[in-house]
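Here is the structure we will look at.
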Amino acid sequence: MCGIVGYVGENNAKDIIIDGLKKLEYRGYDSSGIALNIGGKLVVRKCKGRISNLEEMIAGENLFATAGIGHTRWATHGAPSDLNAHPHTNGDNTIAVVHNGIIENFVELKEWLSRDYGVEFRSETDTEVIAHLIGIYYNGDLLDAVYKAVDKMRGAYALGVVCAAEPDKIVAVRKDSPLVVGLGNNCNFIASDIPALLKHVRSIYLIENNEVVLLTKNEVKLFNAERKPVHRDVFHVTWDADAAEKEGYDHFMIKEIHEQPKGLYETLHRRIGEDGIIRLDGITMTKEDIERFSKVYIVACGTAYHAGLVGKYIIEKLAKIPVEVDVASEFRYRDPFVDDKTLFIAISQSGETLDTLAALREAKRKGARVLSVVNVVGSSVARESDDMFYTWAGPEIAVASTKAYTTQLMCMYLIALYMGAGKGVLSRAEYDEYLKELGELPELLQKVLDQENKIHDIAKKLYKSQQVFFIGRGLDSSVAYEGSLKLKEISYTNSFAIAAGELKHGTIALIEQDTLVIALATQDFLFEKMLSNIQEVKARGAYVLGLAKENNREIERQSDQVIYIPECRDELTPILSVVPLQILAYYVAKLRGCDIDKPKNLAKSVTVE
Ligand code: AGP
């Protein structure tokens with residue numbers, strides 16, 4: 001997904017911007033570029049491919065400037081190409097723009113600019129329209145021109161704009177696409193994401209929708225849509241800059257897999273008071289609010305949706321309230337039954353997933369109370385919710401979500417306990433017992449991580465499989481979906497997950513000699529049923545990798561290989577059982593030589609439809 005970095009100060013803008021763009025590589029991109037103001041002229045360099053291509057392109061050029069903007073693009077309008085890469089400029093190259101998002105009325109604007117102003121377009125992008133718009137409105141005041149241009153635009157955008165005639169300024173705007181400002185000494189920054197700035201600043205302004213920012217090296221001024229000054233409290237980033245680096249691991253994904261005990265610990269322990277009661281900071285629901293809800297919707301995409309599947313099971317069990325789970329791209333277009341007695345829970349690592357955001361807005365419009373479970377502080381989903389619950393997984397860089405998922409599950413348990421206790425349907429003894437067992441999970445998860453070498457060995461045997469089926473029952477089927485997604489997204493293996501009881505209704509036709517079946521059998525009360533399902537696929541020649549709790553050794557008789565997770569109550573297994581599947585997917589992808597942290601065709605944060 002696109003990334004923005006801008007700098008105005010006294011040092012070499014080119015190096016600072018390129019370094020910042022590299023910190024955003026994890027978002028996925030297909031081209032990159034930079035615009036620098038050198039001696040009153042805008043110098044733009046951009047090209048398709050990796051940032052290293054851009055570096056090669058400008059190597060040897062003297063491009064010293066103290067202000068500039070840079071971009072990594074993920075194609076939406078127009079294929080990845082040198083011409084479509086950002087920044088885009090107006091006709092006489094006096095205005096340069098970088099943009100994240102989509103301008104919905106760009107075709108209309110393009111026609112108008114060509115017809116009335118004779119503008120000739122050089123790219124296929126919607127963004128180029130913005131540069132021309134600002135150009136025609138420019139009359140010696142960049143801020144004014146940007147306001148006028150924004151007035152004409154519909155859609156989602158974070159913009160960084162520079163102007164040849166105002167060499168010491170950047171103007172930035174935000175609408176439905178993330179934007180932050182970094183506050184330095186004799187320098188200031190813009191970025192689409194905080195990690196791009198961590199090397200230089202810790203003090204940040206989180207820019208709100210429809211705000212416009214004017215930056216010089218000594219000053220940052222924020223204005224609202226009515227051009228009135230806005231005050232913003234400084235947000236101090238406490239993350240360690242190293243948290244965004246690989247810390248000796250080969251890939252962010254495996255580093256993040258290993259960070260899960262810490263993420264779980266943080267997400268849980270900071271929320272339990274001395275009296276043993278959960279304090280959900282950011283959640284202001286009263287007992288009366290909870291009692292009023294007649295239904296819960298959990299809506300999300302991808303891995304976050306899979307966390308929602310577990311959430312449904314747990315909330316229904318502990319809080320005794322019906323829960324529906326839906327993928328956001330379906331929910332937003334199907335006129336779901338939502339009213340003011342509905343609790344809508346949005347789950348999102350990035351907090352910027354467009355479908356999730358649109359579903360949230362739809363639910364809000366219909367009167368639902370919106371609670372979000374989000375990892376990125378200050379993200380759009382969090383800001384547009386009535387109540388928010390941060391996952392405290394820390395920055396997740398790998399495209400494949402791992403620690404976000406397990407911390408999302410922890411949040412599901414905490415919300416279920418909070419609601420169950422609030423409604424009075426969960427006894428204090430049960431509540432205490434659940435909390436105690438949740439507290440043990442980080443240690444149990446470490447025991448799963450300690451089996452990494454064994455799982456690596458299993459991956460060596462299985463990595464050539466062309467087709468993999470994940471089966472499970474109850475909570476195991478929810479985890480099967482996540483295990484299958486992990487494997488397919490990073491190793492490009494054709495994998496498929498199905499509730500084990502459904503096999504015989506069609507899918508079993510695909511099982512033949514040596515087909516790999518990964519069978520999750522961690523639910524004690526469904527264990528016998530799972531053994532029967534394993535027998536069914538074994539009878540057709542499948543090679544079975546079983547996953548069970550360590551006391552359920554009988555599975556060894558039915559399976560070719562087995563991975564065990566520590567004993568814990570059935571309801572809590574998903575946090576443990578997903579981890580061997582994450583590790584397996586990681587090593588299969590590694591053995592297949594895949595680009596693990598940046599799988600093809602995927603982006604970390606999907607901010608377009
Ligand atoms: C996870 O491995 C995926 N890359 C993807 O499914 C992701 O979970 C999904 O796009 C939702 O993202 P979000 O949590 O940032 O909303």
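The values are calculated or read from the model by the stated rules, or taken from the named source; none is laboratory data. Model, not experiment: these values are computed from the prediction. All Cβ positions, even for glycine, are placed from backbone atoms using ideal geometry, and neighbour counts span all protein chains on display. Just the protein is used for accessible areas: all its heavy atoms, side chains included, with ligands, DNA and RNA removed. Shrake-Rupley method; radii C 1.70, N 1.55, O 1.52, S 1.80 Å.
So, with a 1.4 angstrom probe, what is the percent of accessible area on segment 269-358 that is carbon and sulfur? Carbon plus sulfur share of accessible area: 51 percent.
Under Stokes-Einstein, with the Kirkwood radius over Cα pairs as Rh, the value for segment 244-448 at 10 °C and 1.306 mPa s is 93 µm²/s.
Work out the FRET efficiency for Ala539 and Asp450 from their Cβ-Cβ distance, taking R0 = 30 Å, and round it to the nearest 0.05. Intermediate results must be reported in sequence, preceding the final value.
Values: r = 34 Å, r/R0 = 1.14.
For R0 = 30 Å, the calculated efficiency reads 0.30.
For chymotrypsin sites (Phe, Trp or Tyr not before Pro), no site in segment 508-563 is both called loop by DSSP and has at most 13 other Cβ atoms within 10 Å.
For segment 482-545, report the % of Cα-Cα distances exceeding 19 Å. Kindly include the intermediate steps, with their values, before the conclusion.
Values: 628 of 2016 pairs.
It works out to 31 percent of all Cα pairs.
For segment 482-490, backbone phi angles converted through the Karplus equation (6.51, -1.76, 1.60; θ = phi - 60°) give residue-by-residue couplings of 5, x, 5, 4, 4, 5, 6, 6, 9 Hz, Gly and Pro being listed as x. Applying the Karplus relation 6.51 cos²θ - 1.76 cosθ + 1.60 with θ = phi - 60° to segment 121-135 yields 3J(HN,Hα) values of 8, 9, 10, 9, 8, 6, 5, 4, 4, 5, 4, 5, 4, 4, x Hz, where x marks Gly and Pro. Approximating the spin labels as points 7 Å out from Cα along Cα→Cβ, the Asp15-to-Glu56 distance works out to 2.3 nm. Each part gets one Cα centre, and for segment 194-233 versus segment 61-93 those centres are 22 Å apart. With Cα atoms defining each centre, segment 555-592 and segment 340-354 are spaced 29 Å apart in the structure.
For Lys46, the aspartates and glutamates whose Cα comes closer than 13 Å to its Cα, not counting residues fewer than 8 places off in the same chain, are Asp30, Glu55, Glu56, Asp82.
Rolling a 1.4 Å probe over the protein heavy atoms gives the chain an accessible area of 38 Å² per residue.
Counting Lys and Arg as +1 and Asp and Glu as -1, each charge on the Cβ, what is the dipole of segment 3-238 about the Cα centre in debye, to the nearest 20?
Values: 26 positive and 30 negative charges, 80 e Å.
The dipole of segment 3-238 has a size of about 380 debye.
Over segment 452-591, with every protein chain in place, what whole percent of the accessible area is carbon and sulfur at 1.4 Å, could you tell me?
Working: 2370 of 5200 Å².
Ligands and nucleic acids excluded, carbon and sulfur reach 46 percent.
Do any GluC sites (Glu not before Pro) in segment 107-186 lie in a DSSP loop with no more than 14 other beta carbon atoms within 10 Å, and if so, which? In loop regions of segment 107-186 (DSSP not H, G, I, E or B), the sparsely surrounded GluC sites (Glu not before Pro) are Glu120, Glu124. Taking every alpha-carbon pair in segment 1-156 and binning the separations at 10 Å intervals from zero gives 12, 42, 36, 11, 0 percent. Calculated mean residue ellipticity at 222 nm for the chain: -11000 deg cm²/dmol, from DSSP H runs with n ≥ 4 weighted as -39500 (n - 2.57), summed, divided by the residue count and rounded to 500. Report the Stokes-Einstein translational diffusion coefficient (µm² s⁻¹, integer) for the chain, Rh taken as the Kirkwood radius over Cα pairs, at 20 °C with viscosity 1.002 mPa s. Calculated translational D: 84 µm²/s.
Of the GluC sites (Glu not before Pro) found in segment 263-371, the ones in coil according to DSSP and having at most 15 other Cβ atoms within 10 Å of their Cβ are Glu274. Listed by chain and number, the lysines placed with their C-alpha closer than 17 angstrom to that of Lys538 are Lys504, Lys529; residues fewer than eight positions away on the same chain are left out.
With a simple spin-label model that places each label point 7 Å from the Cα along the Cα-to-Cβ direction, the separation between Gln466 and Glu111 comes to 5.0 nm. Converting phi to 3J(HN,Hα) with the Karplus coefficients 6.51, -1.76 and 1.60 and the offset θ = phi - 60°, segment 554-567 yields 4, 4, 4, 5, 9, 10, 7, 9, 9, 10, 10, 10, x, 5 Hz in sequence order, with x at every glycine or proline. DSSP beta bridges confined to the chain are antiparallel in about 60 percent of cases. Taking 0.36 nm per residue of separation and subtracting the Cα-Cα distance, full extension of the segment from His236 to Asp457 would add 75.2 nm. Using the Cβ-Cβ distance between Tyr333 and Phe64 with R0 set to 51 Å, the FRET efficiency works out to roughly 0.50.
The slack between Arg428 and Arg122, meaning 0.36 nm per residue of separation minus the straight C-alpha distance, is 103.5 nm.
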